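Trainee: Would you mind keeping the following structure in view while I ask a few things?
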Amino acid sequence: MNTFLHSPLYTATHLGDLALRNRIVMAPLTRCRAAQGDMPTPLMATYYQQRATAGLIVSEGVQISPRGKGYVGTPGIYTEAQSRAWRRITSAVHARGGLIVLQLWHVGRASHSSLQPGGALPVAPSALAIPGLVHTPRGKLPFETPHALTVEEIDGVVEEYRHAARLAMDAGFDGVEIHGANGYLLDQFLRDGANRRTDAYGGSVQNRARLLLRVVDAVTSVWPASRVGVRLSPNNPFNGMRDSDPFRTFSYAMAQLDTRGLAYLHLVEHQAGLGQPEAGMPMVDVQRLLPYWHGAYVANDGYTGDSAAAAVSSGRARAVAFGVPFIGNPDVVARLAEGAALRRPDPATLYGGGAHGYTDYAPLAA
Ligand code: 8OZ
């Protein structure tokens, strides 16, 4: 039986100017295999090339500056040397006919002074620490109370995004995705649980969305908007996040993004997410938010081949992003087409290390 020809997942489509061969997107996945100096490596080129049959690859989160780093081994896009090293990766994906966008990332308060230049405190909208522990080079330690960015420092962060966007273009990426999700810097500004500012960046939802929108505008001063996507996660409590009214916050943010002509919006819907919401955390039904966005929608989080096909054929989503399945299965596309089982990845090799548990998951025999 070959369901391949009949599944809506195997029809070509566009996300803005990105022309996808199929509707299966590889979601961004932090794997922590970069080298000294936050440098992408040849092993990473092998890993991404193995996964190039995805309709689109979204790279792992890539810090736009040294201060944007929150984990050992994540790669950067703030030096020309990093940009040149990424070129090897984009070429490897393109050689197999794939598409790859770079995910622009700043972790904000989700870091530790031991990972920061000069041992400085991590930065955030407000001096509010994430509850719990952070992985550091010295083991697990409590999150620190971050430094609240000044307005001048916020201007500098926007310029870092612009610079990183340019380096991503030099590196041969097909576009960029702005990481506005999962409790990192842009999400920290957006949701009121992490943002207690009283200036132009805090208080009203208009003010809390200001940094996200300034970053979108800076990035689209470098790239055509039709090659820029944004990822948000209205319901994800990861990194100590909450919002008192996620419908209001995210319907506003999405309506504003809707005016920018972007390639796509990518939501972590949080049907099954990275953490358990705290009791009483306000949640929003993503179905209520989607009317605020009229562009291409990439759905994510816990989809199966069947539920993804249903989301595409109903018109609810233009494409569906799969994360964890791409770790243990470089050929998710072929496996879903054939109804083959998806291998579960080994949790011990998710983050850090070398080729084992990274590039040694074999595809189905030809
Ligand atoms: C898992 C571990 C480390 C980082 C995200 C970039 O949640 C991440 C991440 C996920 O977006």
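The values are calculated or read from the model by the stated rules, or taken from the named source; none is laboratory data. The structure presented is a predicted model; accordingly, all values stated were derived computationally and were not measured. As a convention, Cβ positions derive from the backbone with ideal geometry for all residues, glycine included, and neighbour counts pool all protein chains shown. For accessibility, only protein heavy atoms count, side chains too; no ligands or nucleic acids. Shrake-Rupley method; radii C 1.70, N 1.55, O 1.52, S 1.80 Å.
Trainee: Restricting the search to the stretch 82-101, which residues are under 20 Å from ARG162 (Cβ atoms) and touching a helix residue (DSSP H, G or I) at 6+ places or on another chain (Cβ under 7 Å)?
Mentor: Across the stretch 82-101, the qualifying residues are GLN82, SER83.
Trainee: In the stretch 224-245, how many are open to solvent by 10 Å² or more (accessible area, probe 1.4 Å) and either part of a loop (DSSP other than H, G, I, E, B) or within 13 Å of ASN182 (Cβ to Cβ) (or both)?
Mentor: The initial filter retains those residues of the stretch 224-245 that are open to solvent by 10 Å² or more (accessible area, probe 1.4 Å), namely 224-227, 231, 237-240, 242, 244-245.
Within this subset, residues satisfying the condition of being either part of a loop (DSSP other than H, G, I, E, B) or within 13 Å of ASN182 (Cβ to Cβ) (or both) are 224, 231, 237-240, 242, 244-245.
Counting residues in the stretch 224-245 that are open to solvent by 10 Å² or more (accessible area, probe 1.4 Å) and either part of a loop (DSSP other than H, G, I, E, B) or within 13 Å of ASN182 (Cβ to Cβ) (or both) gives 9.
Trainee: Can you tell me which of TYR78, TYR71 is under 19 Å from the mean Cα position of the chain (by Cα), within 16 Å of the ligand (Cβ to nearest atom) and open to solvent by 40 Å² or more (accessible area, probe 1.4 Å)?
Mentor: On the way: TYR78 fails: within 16 Å of the ligand (Cβ to nearest atom).
The match here is TYR71.
Trainee: What helices (runs of 4 or more DSSP H), lying completely within the stretch 246-319, carry at least 2 residues that are among the charged types (D, E, K, R)? First the steps, then the outcome.
Mentor: Details: elements: 246-258, 286-289, 305-313.
It comes to 246-258.
Trainee: Please return the ranges of strands (runs of 3 or more DSSP E) entirely within the stretch 1-84 where 1 or more residues are under 22 Å from VAL157 (Cα atoms). Before you say what the answer is, go through the steps one by one.
Mentor: Numbers: elements: 13-15, 18-20, 24-26, 56-63.
Counting at least 1 such residues, we get 56-63.
Trainee: Looking at the stretch 212-243 only, could you name the residues that are more than 16 Å from the ligand (Cβ to nearest atom), in contact (Cβ under 8 Å) with a residue 60 or more places away in the chain and over 16 Å from ALA164 (Cα atoms)?
Mentor: SER226
Trainee: Only residues that are among the acidic types (Asp, Glu) and either open to solvent by 10 Å² or more (accessible area, probe 1.4 Å) or not in a helix (DSSP H, G or I) (or both): list them for the stretch 158-202, please. If you could, list the steps in order and put the result at the bottom.
Mentor: Of the residues in the stretch 158-202, the ones among the acidic types (Asp, Glu) are 159-160, 170, 174, 177, 187, 192, 199.
Once the filter is applied, which keeps residues that are among the acidic types (Asp, Glu) and either open to solvent by 10 Å² or more (accessible area, probe 1.4 Å) or not in a helix (DSSP H, G or I) (or both), the stretch 158-202 yields GLU159, GLU160, ASP170, ASP174, GLU177, ASP192, ASP199.
Trainee: Take ARG21 and decide whether it is within 16 Å of the ligand (Cβ to nearest atom) and either of a type in the set (A, V, I, L, M, F, W, C) or on the phi < 0 side of the Ramachandran plot (or both).
Mentor: Numbers: within 16 Å of the ligand (Cβ to nearest atom): no; either of a type in the set (A, V, I, L, M, F, W, C) or on the phi < 0 side of the Ramachandran plot (or both): yes.
It is false that ARG21 is within 16 Å of the ligand (Cβ to nearest atom) and either of a type in the set (A, V, I, L, M, F, W, C) or on the phi < 0 side of the Ramachandran plot (or both).
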